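Participant: This is the structure I want to talk about, given as structure tokens.
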Amino acid sequence: MFLHAQTHAIGFYERSGFMITGEPYTEAGIPHRNMTRLLAIVPTAALRESARGNTIMTTPAAELVRSARITLFRREGLARDALAAGIAEARRELIIYSHLLDASYFDNEQIGSAISAFARRAPATRVRNLIHSSQLMVSRVHRLLELARRVSSKVAIRLIDPDFETPDSCFVSWDQTGFWRLPDHREPEGSLHADEPVPARRLFQEFELLWQHGRPDPELRELRL
């Protein structure tokens, strides 16, 4: 859902789950901001049956909870909390697409510990990272770089082929089931989708194409003297 909100009404819409997108503008001489709210719609068996007949059937409470597992966030701290919640959902694989594996999201105790715990959880778990540049990781003791060096069989990092046109977004997805996403990696505004397999599979396919054409970065190898 989207709307054009007069700026004095922004608080009202935020309390109803809408999030600001884009820059301020004037409409009919009044300051406005665009706002969006994501809705999860699940065609349950009960709803399909209801559509065929004349009786009204309610959706079980558990399915209502499941269909509403979307979290919107607008600040860095909330973005990290949502990312940690998403990583906790993972069972087999994490894929991370980030321009720089930004320190604010991926090089802190909360997320570093969550990814490390996931990678060590079972023999078959794996974490794949796609980045545009390793400059940030090399210039500091980045937690994910240290993890990749310690458990190289579980954690891999590749550089994206510069010939590919890539989005400005940043996303983390797991098991082709759920995902955490920033539409613009420079802004802490985005959403967590705990159970959205269709868009999660689409993200996985985009990631897989870039991964197949990516390459390891010699700068990330540990120097042994």
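The values are calculated or read from the model by the stated rules, or taken from the named source; none is laboratory data. No experiment lies behind these values; they were computed from the predicted model shown. As a convention, Cβ positions derive from the backbone with ideal geometry for all residues, glycine included, and neighbour counts pool all protein chains shown.
Participant: Is one or more of the residues making up the range 195-202 among the hydrophobic types (A, V, I, L, M, F, W, C), in contact with a helix residue (DSSP H, G or I) (Cβ under 9 Å, 6 or more places away or on another chain), closer than 19 Å to Phe73 by Cα and not in a loop (DSSP other than H, G, I, E, B)?
Facilitator: no
Participant: While we're looking at this one, here's another question. Take Leu136 and decide whether it is closer than 21 Å to Trp180 by Cβ, at pLDDT below 90 and either basic (Lys, Arg) or surrounded by 15 or more Cβ atoms within 10 Å (Cβ to Cβ) (or both).
Facilitator: So Leu136 passes the test.
Participant: Give the residue that is modelled with the lowest pLDDT, with candidates limited to residues of the range 139-178 that are exposed (fewer than 14 other Cβ atoms within 10 Å of the Cβ) and among the polar types (S, T, N, Q).
Facilitator: Ser139
Participant: May I pose another question? Between a first residue in the range 168-181 that is of a type in the set (Lys, Arg) and a second residue that is surrounded by fewer than 17 Cβ atoms within 10 Å (Cβ to Cβ) and part of a loop (DSSP other than H, G, I, E, B), which pairs have beta carbons less than 9 Å apart while being 6 or more apart in sequence or on different chains?
Facilitator: Short answer, once both residue conditions are applied: Arg181/Ser169.
Participant: Still on this model: Within the group Arg69, Arg75, which residue is modelled with pLDDT under 95, surrounded by 13 or more Cβ atoms within 10 Å (Cβ to Cβ), among the charged types (D, E, K, R) and within 16 Å of the chain's Cα centre (by Cα)?
Facilitator: Arg69 is the lone residue from the list that is modelled with pLDDT under 95, surrounded by 13 or more Cβ atoms within 10 Å (Cβ to Cβ), among the charged types (D, E, K, R) and within 16 Å of the chain's Cα centre (by Cα).
Participant: Would you point out the residue of the range 210-225, among those that are surrounded by 14 or more Cβ atoms within 10 Å (Cβ to Cβ) and assigned to a loop (DSSP other than H, G, I, E, B), that is modelled with the lowest pLDDT?
Facilitator: Asp217
Participant: Are there any pairs, at least 6 apart or on different chains, whose C-beta atoms fall under 9 Å, with the first in the range 26-38 and free of Cβ contacts under 8 Å to residues at least 24 places away in the same chain and the second surrounded by fewer than 16 Cβ atoms within 10 Å (Cβ to Cβ), and if so, which?
Facilitator: From residues that are free of Cβ contacts under 8 Å to residues at least 24 places away in the same chain, the pairs are Glu27/His4; Glu27/Gln6.
Participant: Let me ask something additional. Can you name every residue in the range 1-16 that is at pLDDT below 85 and of a type in the set (Gly, Ala, Ser)?
Facilitator: Ser16
Participant: A further question follows. Taking the range 151-181 on its own, how many of its residues are under 19 Å from Ala90 (Cβ atoms), in contact with a helix residue (DSSP H, G or I) (Cβ under 7 Å, 6 or more places away or on another chain) and of a type outside the set (Gly, Ala, Ser)?
Facilitator: 11
Participant: Hey, could you check the range 188-209 for residues that are surrounded by fewer than 17 Cβ atoms within 10 Å (Cβ to Cβ) and aliphatic (A, V, I, L, M) and say which is nearest to Ala84 (Cα to Cα)?
Facilitator: Among those that are surrounded by fewer than 17 Cβ atoms within 10 Å (Cβ to Cβ) and aliphatic (A, V, I, L, M), it is Val198.
Participant: Restricted to the range 17-35, and to residues that are small (Gly, Ala, Ser) and either exposed (fewer than 10 other Cβ atoms within 10 Å of the Cβ) or in a helix (DSSP H, G or I) (or both), which residue is modelled with the lowest pLDDT?
Facilitator: My answer is Ala28.
Participant: Also, I was wondering about something else. So is His185 within 16 Å of Ala82 (Cα to Cα) and at pLDDT 90 or above or not?
Facilitator: Details: within 16 Å of Ala82 (Cα to Cα): yes; at pLDDT 90 or above: yes.
For His185, the condition - within 16 Å of Ala82 (Cα to Cα) and at pLDDT 90 or above - is met.
Participant: Of the conditions (1) surrounded by 17 or more Cβ atoms within 10 Å (Cβ to Cβ); (2) not in a strand (DSSP E or B), Arg181 fails just one. Which one is it?
Facilitator: (2)
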